[in-house]
Amino acid sequence: MVVTVDNSLYYIKQYLENTGKYEVYNSDQYIGPVHACIYEQNNEEEFVEVQNNLINLAQNEHVDIRHGVLMINAKNKTPKEIEKILSERLYKNIF
């Protein structure tokens, strides 16, 4: 599972990398298909911009987006809670 994380959420990125379950990248440095995007929403305009960037990337790279990108707002969530959300999505696709 490929996951991008906002730069300001470096502690979440480090936590997820330590689990060894995910390919984790900074959202502003990675160009490619993603399964999940972790961000901290400050306002609706930023959220819409992130969504539009992901849609444009998927279209330009001819990526199948029928399953969508899991968007996780990290506000008021611990790294462990975020990892649980990702794990549920990861293992749901197996069955």
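The values are calculated or read from the model by the stated rules, or taken from the named source; none is laboratory data. These numbers were taken from a predicted model, which means no experiment stands behind them. The accessibility values were calculated without ligands, DNA or RNA, using every heavy atom of the protein model including side chains. Shrake-Rupley method; radii C 1.70, N 1.55, O 1.52, S 1.80 Å.
List of remarks:
- Take Thr4: with every protein chain present and a 1.4 Å probe, its accessible area is about 10 Å².
- Stretched out straight at 0.36 nm per residue, the stretch from Asn56 to Lys80 would grow longer than its current Cα-Cα span by 5.6 nm.
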